[in-house]
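Some notes on the structure that comes next.
We did not get these values from a lab; they are worked out from the coordinates using the rules stated. Computed from a predicted model, the values in this text were never measured in an experiment. Don't worry about glycine lacking a Cβ; one is built from the backbone with ideal geometry, like all the others, and counts go over all protein chains shown.
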Amino acid sequence: MPSGGCFSIRTRLSGDSAVVVFSDTGEGIARQNLARVFEPMFTTKLRGVGLGLTVVHGTIDEHGGRVDIKSRQHRGTNVTITLPLARVDSAKDVALTPS
């Protein structure tokens, strides 16, 4: 956010999932770029190789979750990560795979 702004992180439980929402009031993402943000090597920055969100998407997907991005130019961006909660057997203190 070159011109300043606010950044926040919110968490909540939603059914059998944990939800984390990252929000900013920055420049937002142009509509034509929004559909491409998870593509490998896609970037609008002068520095970087365009793998950050690709890695995030892949990691979240591997854990059975999803990443959603909503953005409005000159208004900001919300990135929502939803991950399934693991069941824990309290007697053994071992995480079990979600059913």
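Six or more apart or on different chains, Cβ atoms under 9 Å: show the pairs whose first residue is in region 46-72 and closer than 17 Å to Leu34 by Cα and without any contact (Cβ under 8 Å) to a residue 60 or more places away in the chain and whose second is of a type in the set (Ser, Thr, Tyr) and exposed (fewer than 12 other Cβ atoms within 10 Å of the Cβ).
Close Cβ pairs (under 9 Å, with a partner that is of a type in the set (Ser, Thr, Tyr) and exposed (fewer than 12 other Cβ atoms within 10 Å of the Cβ)) amount to Gly50/Thr44.
Give me a count of the residues in region 56-74 that are within 20 Å of Met1 (Cα to Cα) and either among the aromatic types (Phe, Trp, Tyr) or surrounded by 12 or more Cβ atoms within 10 Å (Cβ to Cβ) (or both).
Number satisfying all stated conditions: 5.
Please tell me if Leu53 is of a type in the set (A, V, I, L, M, F, W, C) and either in contact with a Gly (Cβ under 8 Å, 6 or more places away or on another chain) or exposed (fewer than 14 other Cβ atoms within 10 Å of the Cβ) (or both).
On the way: of a type in the set (A, V, I, L, M, F, W, C): yes; either in contact with a Gly (Cβ under 8 Å, 6 or more places away or on another chain) or exposed (fewer than 14 other Cβ atoms within 10 Å of the Cβ) (or both): no.
In short, no.
Of all residues being part of a strand (DSSP E or B) and basic (Lys, Arg) in region 6-39, which is surrounded by the most Cβ atoms within 10 Å (Cβ to Cβ)? Just the residue, please.
Step one: of region 6-39, the residues part of a strand (DSSP E or B) are 7-14, 17-24.
If we keep only those that are basic (Lys, Arg) too, we end up with 10, 12.
Details: Arg10: 11, Arg12: 9.
Filtering region 6-39 for residues that are part of a strand (DSSP E or B) and basic (Lys, Arg), the one surrounded by the most Cβ atoms within 10 Å (Cβ to Cβ) comes out as Arg10.
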